Amino acid sequence: MLSSRARRMQYQLLTGETLELSGLSRADMGFLLGLMGRTTAEEDYFSLERSVCAPGAYPLRGSPRVTQRIHDSLLFRVAEDIVDRAGIRQGVVAPDPGDRRVTEAIVSVTEAAKRLGVTRSAVIKAARAGRIQGKKVGHTWALLRRSVASYRVAQHRVEAGRASRRA
Amino acid sequence: MAAPLPKTQALSDAIHSLVVQFLVPVFDRNGRAYARSVRNRIRRDLEGRFGGWSLAADRPLAGAWRNPGSGDVEYDESWRYEVGIDPTRLHELDTYLAGLAFRLGQKAIWRVAYAGGEGRVIPAAGCMVDK
């Protein structure tokens, strides 16, 4: 879904198309990360959908309606895709035949800490040092699930090495 | 950038624009969710034909109705969409909604009409509904 390659943020839509996110502002990225956080927290699809396309929603930028221009905008396309993934998981939207499998590629610091069995500050330290891949937008870290998983494997190896040295 | 409309013209446009709401089911008649592409096509149609759309309620409208065939009470949920159109184009919208009902395998797409301060839900003209 969201990936960080050579300091560039990209988003892969359910259709498989990859979008470059560098054109988005910090506020836009903050909105998308917030939306991802809400989907991770299993917020109701209908309320997520309202946040994307109801009057007053951030991606509408003050417009009372979703127009072609808004629908084609990078922000709206990514936001709608994030919400669609939640809708598919919750069974209120059906995927299209060619859609990729719905998986969450991003985890929060709290979730990563829980998975790794370490403190939040240890996760942030690992992310700052580049041992866990991710990106900080504002005050929020978006960590790649894949990277958290491989860090966990590395952590297990280190612990196994320590245990064998002690023995 | 286009020059702003004169105030009188903008006001006249606002007065002559009709806000129409209609209900698009979330699930098909077998209770299965519609595919993303189906929903996207509706939205693209509304943008292309009527300039845009918005969702008019916090949640889909939940409704119950008695199936005349089985006699069972069935439940459904529908998004309430809203478009702003010139009143002379209402027939065009109805024709579109009748086609949409056919495409979605629904008997009708219901339009929300406000009369005397109270809202009524009526089938869009052209939709085939059991009397």
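The values are calculated or read from the model by the stated rules, or taken from the named source; none is laboratory data. It should be emphasised that the depicted structure is a prediction, and the values quoted were computed from it without experimental measurement. Counting neighbours? That spans all protein chains shown, and the Cβs are built from the backbone with ideal geometry, glycine included.
For the reader, a short list of remarks on this structure follows.
- In the range B:58-65 there is no residue matching the filter, namely being touching a Cys at 6+ places or on another chain (Cβ under 7 Å), outside any strand (DSSP E or B), closer than 14 Å to B:LEU23 by Cβ and at pLDDT 75 or above.
- Lone qualifier among A:GLU111, A:GLU80 - being within 14 Å of another protein chain (Cβ to nearest Cβ) and not basic (Lys, Arg): A:GLU80
- Selection within the range B:19-76 - within 14 Å of chain A (Cβ to nearest Cβ), without any contact (Cβ under 8 Å) to a residue 40 or more places away in the chain and basic (Lys, Arg): B:ARG32, B:ARG36, B:ARG39, B:ARG41, B:ARG43, B:ARG44, B:ARG59
- Pairs, first over 19 Å from A:ASP28 (Cβ atoms) in the range A:136-149, second buried (at least 22 other Cβ atoms within 10 Å of the Cβ) and not hydrophobic (A, V, I, L, M, F, W, C), C-beta under 6 Å, six or more apart: A:LEU143/A:GLY134; A:LEU144/A:GLY134
- For the range A:122-146, the set of residues classified as at pLDDT below 85, within 13 Å of A:GLU111 (Cβ to Cβ) and in a helix (DSSP H, G or I) consists of A:ARG145 only.
- Condition met for B:GLY52 (closer than 23 Å to A:VAL93 by Cβ, loosely packed, with under 14 Cβ neighbours inside 10 Å and touching a helix residue (DSSP H, G or I) at 6+ places or on another chain (Cβ under 8 Å)): no
- Odd one out for B:ASP94 among (1) surrounded by 15 or more Cβ atoms within 10 Å (Cβ to Cβ); (2) part of a strand (DSSP E or B); (3) more than 11 Å from chain A (Cβ to nearest Cβ); (4) not hydrophobic (A, V, I, L, M, F, W, C): (2)
- Some residue of the range A:61-72 being surrounded by 14 or more Cβ atoms within 10 Å (Cβ to Cβ) and more than 11 Å from every other protein chain (Cβ to nearest Cβ): no
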